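Notes to accompany the following structure.
The values are calculated or read from the model by the stated rules, or taken from the named source; none is laboratory data. All values reported here derive from a predicted model rather than from experimental measurement. Cβ placement follows ideal geometry from the backbone for every residue including glycine, while neighbour counts extend to all protein chains displayed.
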Protein chains: 2
Amino acid sequence: MSTKPKTVDCRDCPIHKLQTFRNFEKAELNFISDFKTGELSADAGATILVEGAHSAHLFTILSGWAFRYKMLEDGRRQILNFALPGDLVGLQGSLEGEMQHSVEALTSLRLCVFEKQRLREIFTNHPELAYDVTWIAAREERILDEHLLSIGRRSALERAAYLLAFLQNRASASGEPAKRYLPVNQQHVADTLGLSTVHTNKTLRKLADRKLIRWRERSCEVLDHKGLMKIADWEGLGRENRPFI
Amino acid sequence: MSTKPKTVDCRDCPIHKLQTFRNFEKAELNFISDFKTGELSADAGATILVEGAHSAHLFTILSGWAFRYKMLEDGRRQILNFALPGDLVGLQGSLEGEMQHSVEALTSLRLCVFEKQRLREIFTNHPELAYDVTWIAAREERILDEHLLSIGRRSALERAAYLLAFLQNRASASGEPAKRYLPVNQQHVADTLGLSTVHTNKTLRKLADRKLIRWRERSCEVLDHKGLMKIADWEGLGRENRPFI
DNA sequence: CGCGGTATTGAGACGTATCAAAGGAAGTGG
DNA sequence: CCACTTCCTTTGATACGTCTCAATACCGCG
């Protein structure tokens, strides 16, 4: 095996090379490279950020999946959204002050670490990148809007169909084609849909019976993406040139 | 009656004077004033923006309440969030491309109109304001996170308590103290909570029986704010120095 | 081989939706 | 000022969806 550098230089970032992302100037990459203070690796199940804590950092996902969630005092948990390679984590909620949600690794994870404190530098020195940050925030909002519609107004079957179509959509755009399966278990699905695990199981079974998905150990294979979208009355995420930091 | 100018000059903006908002530089106000292209008035029930359309504009609420919502094909509606004086409308969802949600006036409404196209100018010329835009987006995300937790994991009673506490919180920070009542009807509450109107009615009745609220025609009076927060296990929004554009 | 995490199933309780109808308040036109 | 309409709220009865509890089956792993 050849020796590899421990951390990826942003100028060689594998993610920037992907089709889904926009092209970046040399100067921008240099700045990002400087902005990046390190990398973090975490195993599946590890907690990256916890609600109520003050975090000095902001992360970008290099590889793997994570999810954001909130909990009520008695333990009820709601998963808010998932984060895939290229996603910014830690921007949601207040820019300053305590975290309003927790973040957990869904698979083993590699993250780029940035200092929140230096976020303002982006705004003063690199307006284009600053605009990107806002763009990313707006995109997250759009997704949260969809989730809200889903949980609020769709039936259990429609909700499940929406979620799996959504995750499949995100996975296939994230440039990890190796992963044919969505790395979630039924507990995760339940906590995202706002359902009990038992009912989630029965609902997923219906989707499986209709040959829309196949359930595996701790993961889900989507067999009929369009079929799921149709059940959920969902259009899909736009095919866009995402920015990325 | 004395004659009034049709539009408010940003330098005299009544909202900037409120305590909740941060202080602004002269240069910033001048820029905002230039950025503003007009005002728009709308009656309660009027549609400001519609899902699927391309809007060239961005709005700030001068007075009155509005709400954002999405609909499924068969007519089911989900209210995503409310907008009060000082809130930015139209930023949510994609910065470019079609609207992903609609916006409707809840009360009679006055809006400042900005051109989306010129948003980039903010980023190149006024980094502080650009940072504010991002701050505002992050705040909206935090609120959407709360709503997701609520709809996904709280019972009907807890959800209603959360929503009314939330609206009361927002109302009292928005500098319209004249309005002691929240200007929503039970249909709005139902569509926000993801419940039927009938069940919403029965749930609100329980809150009223416990002397937490009193229901009026097309509006709600909150009698015990803390009681609502306790039922919902909700901490409230931070008392922050909001930016504003 | 036994163990812990995950998925599956069934039965009964509970919460919420749906349908239908009636009562009240506000606004309109005669 | 009244009759009328319209929108909003309230109530009851019944159906349905989802939750809870409990037990079993399954699988990978030490």
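For the range B:198-227, filtering for residues that are of a type in the set (A, V, I, L, M, F, W, C), out of contact with any Asp or Glu (no Cβ under 6 Å at 6 or more places or on another chain) and more than 20 Å from B:LEU106 (Cβ to Cβ) leaves 4. Do we have B:ARG139 as over 15 Å from B:ILE48 (Cα atoms) and within 16 Å of DNA strand D (Cβ to nearest atom) here? So B:ARG139 fails the test. Only a single item in (1) surrounded by fewer than 17 Cβ atoms within 10 Å (Cβ to Cβ); (2) modelled with pLDDT of 95 or more is not met by B:GLY227, and it is number (1).
Does the range A:87-102 include one or more residues that are modelled with pLDDT under 95, crowded, with 21+ Cβ neighbours inside 10 Å, in a loop (DSSP other than H, G, I, E, B) and more than 7 Å from chain B (Cβ to nearest Cβ)? Yes, there is a match, as at least one residue in the range A:87-102 is modelled with pLDDT under 95, crowded, with 21+ Cβ neighbours inside 10 Å, in a loop (DSSP other than H, G, I, E, B) and more than 7 Å from chain B (Cβ to nearest Cβ). Just give me the residues in the range A:205-218 being surrounded by fewer than 22 Cβ atoms within 10 Å (Cβ to Cβ) and either within 10 Å of DNA strand C (Cβ to nearest atom) or touching a residue at least 24 places away in the same chain (Cβ under 8 Å) (or both), in sequence order. Hits for the range A:205-218 are A:ARG205, A:LYS206, A:ALA208, A:ASP209, A:ARG214, A:TRP215, A:ARG216, A:GLU217, A:ARG218.
The set of residues in the range B:59-99 being under 20 Å from B:ASN185 (Cβ atoms) and free of Cβ contacts under 8 Å to residues at least 40 places away in the same chain consists of B:ARG68, B:LYS70, B:MET71, B:GLY75, B:ARG76, B:ALA83. Only one of B:ARG218, B:ARG214 is basic (Lys, Arg) and touching a strand residue (DSSP E or B) at 6+ places or on another chain (Cβ under 8 Å); which? Every option except B:ARG214 fails the conditions. Which ones in the range B:105-150 are at the interface with chain A (Cβ under 9 Å from one of its Cβ atoms), buried (at least 24 other Cβ atoms within 10 Å of the Cβ) and more than 20 Å from A:ALA138 (Cα to Cα)? B:SER150, the sole residue that qualifies. If the condition is being assigned to a helix (DSSP H, G or I) and either at pLDDT 95 or above or within 13 Å of another protein chain (Cβ to nearest Cβ) (or both), then the range B:171-200 contributes B:GLN186, B:GLN187, B:HIS188, B:VAL189, B:ALA190, B:ASP191, B:THR192, B:LEU193, B:THR197, B:VAL198, B:HIS199, B:THR200.
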